[in-house]
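For reference, the structure is listed below as structure tokens.
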Amino acid sequence: MLASIALRRRSAFEQQKIGDEVWLPSSMEANISARVLLLAKFNRSVERRYSEYKKYQIDSKYDLTKPKESAKP
């Protein structure tokens, strides 16, 4: 056998309710580990935290008018 690769992965996602209105991500964690033959190891961990969400309100005004009639040929 020339090569053997073993890969393991674990991930977790958490959410929390913001302002009693919507569920948004609060954290994400991922761990990846790999082994090539019995010699080389690779381990990687990533963790992200999300916070300080802000609520935005945008006001828009739409004016819908009837299109002008063009001269027909």
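In a Gaussian network model over the chain where Cα atoms closer than 10 Å are linked, find which of 18, 58, 32 has the largest mean-square fluctuation.
Of 18, 58, 32, the most mobile in the Gaussian network model is 58.
On the accessible surface of the chain, probed at 1.4 Å, how many percent belong to carbon and sulfur atoms? Walk me through the intermediate numbers first.
Values: 4170 of 7900 Å².
In the chain, the share of accessible area belonging to carbon and sulfur is 53 percent.
Mind pulling up the Rg/Rh value for the chain? Radius of gyration and Kirkwood radius, both on Cα.
Working: Rg = 26.8 Å, Rh = 18.2 Å.
With Rh from the inverse mean 1/r over Cα pairs, Rg/Rh is 1.47.
Apply the Karplus parameterisation 6.51 cos²θ - 1.76 cosθ + 1.60, with θ equal to phi minus 60°, to every residue of region 54-61 and state each ³J(HN,Hα) to the nearest whole Hz, in sequence, with x for glycine and proline.
With coefficients 6.51, -1.76 and 1.60, one gets 10, 9, 10, 10, 10, 9, 10, 10 Hz.
For the chain, which longest stretch is free of loop sites, where a loop site is one of the trypsin sites (Lys or Arg not before Pro) that DSSP puts outside H, G, I, E and B and that has at most 15 other Cβ atoms within 10 Å? Write out the running numbers ahead of the final one.
Numbers: sites that count: 54, 55, 61, 68.
Result, exposed sites excluded: 1-53.
Whose amide H sits under 5 Å from the amide H of residue 50, counting only residues 5 or more places off or on another chain, with H placed in the peptide plane?
27
Mind checking which aspartates and glutamates have their Cα closer than 13 Å to the Cα of residue 17? Skip sequence neighbours fewer than 8 apart in that chain.
By straight Cα distance, residue 17 reaches 52.
Counting GluC sites (Glu not before Pro) as exposed when in a DSSP loop with at most 11 other beta carbons within 10 Å, what is the longest stretch of the chain free of them? Could the numbers behind the result be given before it?
Values: sites that count: 21, 52, 69.
Longest run free of exposed loop sites: 22-51.
At most 10 other Cβ atoms within 10 Å and a DSSP loop assignment: could you name the chymotrypsin sites (Phe, Trp or Tyr not before Pro) in region 9-73 that fit?
Values: sites: 13, 23, 42, 50, 53, 56, 62; in loops: 50, 53, 56, 62.
When the chymotrypsin sites (Phe, Trp or Tyr not before Pro) of region 9-73 are filtered for loop state and at most 10 Cβ neighbours within 10 Å, 56, 62 remain.
The values are calculated or read from the model by the stated rules, or taken from the named source; none is laboratory data. None of these values were measured; they are calculated from a predicted model. Heads up, the Cβs are rebuilt from the backbone with ideal geometry, glycines too, and the neighbour counts pull from every protein chain shown. To get the accessible areas, we keep the full protein, side chains included, count just its heavy atoms, and leave off ligands, DNA and RNA. Shrake-Rupley method; radii C 1.70, N 1.55, O 1.52, S 1.80 Å.
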